1. Provide the three semi-axes, in whole Å and in decreasing order, of the ellipsoid equivalent to region 264-388 as defined by the square roots of 5 times the Cα gyration tensor eigenvalues.
2. Which GluC sites (Glu not before Pro) does region 166-233 hold that lie in a coil by DSSP with at most 16 other beta carbons within 10 Å?
3. Under 22 Å between alpha carbons, and skipping anything fewer than 8 positions from K195 in its own chain: which lysines qualify?
4. So which lysines can K54 reach, going by Cα to Cα under 19 Å and dropping same-chain residues fewer than 8 places off?
5. Relative to the present Cα-Cα distance, how much length would full extension add between T347 and K193 at 0.36 nm per residue of separation?
6. How large is the helix-only mean residue ellipticity at 222 nm for the chain, computed as the sum of -39500 (n - 2.57) over DSSP H runs with n ≥ 4, divided by its residue count, in deg cm²/dmol to the nearest 500?
7. Where does the Debye-calculated log10 I(q)/I(0) of region 71-205 sit at q = 0.13, 0.16, 0.21, 0.22 Å⁻¹, using only Cα point scatterers of equal weight, no solvent?
8. Take peptides 217-229, 65-77 and line them up by average Cβ neighbours within 10 Å, highest first, as a rough protection proxy.
Amino acid sequence: MKAPPVPPLVIENGTLILPDQLIEGGALLCERGKITAIGRNAAPPKTAIFVDAKGGYISPGFIDIHVHGGAGADFMDGTVAAVRTALKAHALHGTTTIFPTTTTGAPVQIMAMLGACREAKRTWQAAHGARIAGVHLYGPYFAADKVGCHSRAGRRAPNATEYALWFRDDLVRIATCAAELPGAEEFYQTARKHKCLVTCGHSNANWAEMATAFKAGMRHVDHFWCAMSSVASLRTRFGTPMQASMEQFVLATPDMSTEVIADGMHLAPELLDFAFRMKGAERLCLVTDCNRALDMPPGRYRFGSDDDGSFFESDGRVGFVPGEGLASSVVGMDHMMRHMKKSTSATLPQAVRMASLTPAERAGIAKTCGSLEKGKQADVLVLNRKLEVQRTFIGGVEVLDT
């Protein structure tokens, strides 16, 4: 059934958040799902619907390139219903474009997740929540000593026959593998041929292994300082002389980007600010790495498939495995952006950029989304003065909390 036409939309009486500036008293005109005018004097058609930002902010929708679930659902549950549950939850936290992210798991579980996301993407409408731009193939190719909260039984080295099935179409747009694993170089090369953002994560790689990965197309490192090599961890692996780690390689290589979980629980403010000052807003993404405990009460949950995923606990602030460590976040991108603005030297345009345009650029979708710009999708947020999401529009259609 064909969706009815989207009426023209005017969002006014707010401060526009652009990648490099704020425009007070701004307005935005959206027609046929696209932004058609921006600034203080957007001339609307008579049939337009008007939205009053009430002196708050008009922001681009957020883009999450690393996210596992929300509202009780994990993308690895492998059903369209679970996918849509998570899409809606994150849209209400300001995420308008999303890359559902795999964990470790059996081949059949990953295939089910890809199938569910493929069907949800094919049948998507704004009422479902965030738009799927592609899948982040994150697990299962992790190093044995950097699995983190993921199921250890589901991790393995890359297998070309296996991942050829995952790259059979253009669904996978971001692809992760630990650089030191046998077959990693070939995996990176395959992902690059498919025009993915190629990343290294859950890895204990040294500089030499990162350099080899870089030559093969790797350009990004997942959640900086989390489940990644350090000088200390490499001394355990290699002995002396001490080795340079993923951290040093990323900071010393201008073309490398990375991401931070700015929930206030994973990284102290000085680490967040250090990452921002070293990489800048153009090479640092905010991600949620959020699990199914988003918007759920404190308690015990599974990370990954609801059938056999590893257990973690949520206290309402963060996920953790008692006695072991953290287990991804339980808050949305709105929280990440607010905390980054509050706790670092980033300006508001820079904090929003790291949650929108920068991930769009890194994932290769910035021509259509990521900023308030004429011709782009009308993915727009209305924020209050406390930077809390009041309304979410995707393609000019409001996502309602129903």
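1. Values: eigenvalues 158, 63, 40 Å².
They are 28, 18, 14 Å, listed from largest to smallest.
2. Values: sites: E180, E185, E186, E209; in loops: E180.
Answer in residue order: no site qualifies.
3. K121, K215, K367, K376
4. K386
5. Details: separation 154, 0.36 × 154 = 55.44 nm, distance 3.63 nm.
Separation in residues times 0.36 nm, less the Cα-Cα distance, equals 51.8 nm.
6. Details: 11 runs with 105 residues, N = 402.
-7500 deg cm²/dmol, from helical runs alone.
7. One equal scatterer on each Cα of region 71-205 leads to -0.52, -0.78, -1.23, -1.31.
8. With the highest mean Cβ count within 10 Å placed first, the list reads 65-77, 217-229.
The values are calculated or read from the model by the stated rules, or taken from the named source; none is laboratory data. Small disclaimer: the values here were computed from a predicted structure and weren't measured. We place every Cβ from the backbone using ideal geometry, glycine too, and count neighbours over all the protein chains shown. For accessibility, only protein heavy atoms count, side chains too; no ligands or nucleic acids. Shrake-Rupley method; radii C 1.70, N 1.55, O 1.52, S 1.80 Å.
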